[in-house]
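Engineer: Sharing a structure here in structure tokens format.
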Amino acid sequence: MNQPGSPPPRPGGPPPGAGAHAPYSRRRPDSRVAGAAPPPPPGGSRAPAARNARWMERAASHQTRALIWLRQARDPAAGPLTTQRRRDLLVRALEHLLAARRLLLRAQAATDSADLRRLLEDHLTRLAHTTSQTERMLHELDAAAEG
């Protein structure tokens with residue numbers, strides 16, 4: 001029912017009191033609506049796969065950060081870097097590479113999929129190569145600074 005002086009109701013609009021359940025409401029629908037799928041149980045069957053996915057995503061993030069530090073350490077366009085600055089960049093890159101390795105090893109140990117285990121093994125091999133190159137650059141930098 002309209003109050004005196006209020007605009008007339010819109011044709012086809014929600015009935016008075018419909019509020020948040022109106023079709024044009026900007027509020028998100030309630031997930032507890034009948035027919036909505038319940039959230040997965042905390043220890044449910046999808047938990048290990050989701051956990052592995054999180055570990056692999058975090059490893060990818062660490063690898064991306066390592067790449068950023070490596071590029072800065074090796075970029076000739078950045079101009080001359082002090083030995084200490086270049087060393088700091090390489091150490092940061094190495095820290096991220098090792099963090100990525102730990103996460104991928106954890107995901108590899110936790111998976112039941114032989115295909116994923118093989119894929120992670122291949123990736124860990126490539127990561128080990130990058131890690132050894134970074135360590136070699138760090139050792140060469142330290143040796144040049146000493147002598």
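Since every read-out is calculated from the coordinates, none of them should be taken as a lab result. It should be emphasised that the depicted structure is a prediction, and the values quoted were computed from it without experimental measurement. Cβ: placed from backbone, ideal geometry, glycine included. Neighbour counts: every protein chain shown.
Engineer: Identify all residues within the range 58-104 that are touching a Phe, Trp or Tyr at 6+ places or on another chain (Cβ under 9 Å), crowded, with 16+ Cβ neighbours inside 10 Å and over 14 Å from LEU127 (Cβ atoms); write none if there are none.
Structural biologist: Passing the criteria: LEU89, LEU90, ARG92.
Engineer: Need the failing condition index for TRP55 against (1) crowded, with 19+ Cβ neighbours inside 10 Å; (2) within 22 Å of the chain's Cα centre (by Cα); (3) closer than 14 Å to MET137 by Cα, just the number.
Structural biologist: The number of the failed condition is (3).
Engineer: Let me ask something else about it. Does the range 75-93 contain at least one residue that is under 20 Å from the mean Cα position of the chain (by Cα) and of a type outside the set (Lys, Arg)?
Structural biologist: Yes, the range 75-93 has at least one match.
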